[in-house]
1. For a label point 7 Å from the Cα of Arg32 along Cα→C-beta, name the residues of the stretch 129-156 whose backbone N is under 18 Å from it.
2. Lys143: which aspartates and glutamates have alpha carbons under 13 Å from its alpha carbon, excluding same-chain residues fewer than 8 sequence positions away?
3. Tell me, Glu7, Glu101 in order of fewest to most beta-carbon neighbours within 10 Å?
4. Given points 7 Å out from each Cα along the Cα-Cβ axis, report the Arg149 to Ala23 separation in nanometres with one decimal.
5. Could you please report the charge total around Gly79, scoring K, R as +1 and D, E as -1 over all other residues with beta-carbon less than 11 angstrom from its beta-carbon?
6. Order these by the 10 Å Cβ neighbour count, fewest first: Ile11, Ile78.
7. Tell me which residues come under 5 Å, amide H to amide H, from Leu42 once H is placed; ignore anything under 5 positions away on its chain.
8. To one decimal place, what Kirkwood hydrodynamic radius in Å is obtained for the stretch 80-140 from all pairs of distinct Cα atoms?
Amino acid sequence: MPRGGQEPEFIDFKPDDRAALLARMDQLVETRKGWINLSPALDEDEEPPPRSGTFGLFSGRGPDVPLCTWFPGPPTEIGIQHGAGPKVVDALRNLGQPVPEGWRVTQDHSRRGLVVLVPDRTPNERVLDWLLGAGTALASHLKLATWWRAAIYAAR
C-alpha cells in the first residue's frame, strides 16, 4: 500500500484496448503525483511457480510474474521487477524486446530489477508499448491471460 494507506485504483485492460489507462497516465503527468504498477494476468489454469519460504525470501531473483512500474517525469522512469536473473537487458535483447535507443538503463539487478530513464517527450503510448512487450517477454515461461492489471497510486 502507498504512503498514507491509500488504496490503489485498478484498471484491467487488454493491450489493444488501453485508452482508459493512457488517460490516467496523462492525468498523472499533469499532477506529477503518483505512479502505476502493471502486471500481466495469469491464465486461470496457471498457478505461479512456487517459491520455497526461506529460500525464496533470500534468493537473488525477483518475482516470477513481472511487475512493471511507471513514474511520470520529468524524467519519466520505468522499472521491471522480474525473475529472469542477472543481465535482463541482454535477455530482453535476445527476446526481441531491447531497451529502446536513447533510453538510459540506471539499474540492471537480478533482485531489485531493471530501472530505465525515458527521454523527455517520449509519448506515454510508446513507453506503455515497451513495458507491456518487455513484461510479456519476461513472462514467456508462464501461461498468461489476454489482459493486464494496472494499479494506479495517485495523490488525491
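1. Residues passing the 18 Å test: 154-156.
2. Asp43, Glu44, Asp45, Glu46, Glu47, Asp64
3. Values: Glu7 9, Glu101 6.
Ranking Glu7, Glu101 by Cβ neighbours within 10 Å, fewest first, gives Glu101, Glu7.
4. 2.2
5. Values: positive: Arg112; negative: Glu77, Asp108.
With Lys, Arg at +1 and Asp, Glu at -1, the neighbours total -1.
6. Numbers: Ile11 17, Ile78 23.
Ranked by crowding around the Cβ, least crowded first: Ile11, Ile78.
7. The answer is Ala145.
8. Numbers: mean 1/r = 0.0854 Å⁻¹.
Evaluated over the stretch 80-140, this radius sits at 11.7 Å.
No value in this document is a laboratory result; all are computed from the given coordinates. Source: prediction; values computed, not measured. With ideal geometry, Cβ positions are generated from the backbone for all residues, glycine too; neighbour counts draw on all protein chains shown.
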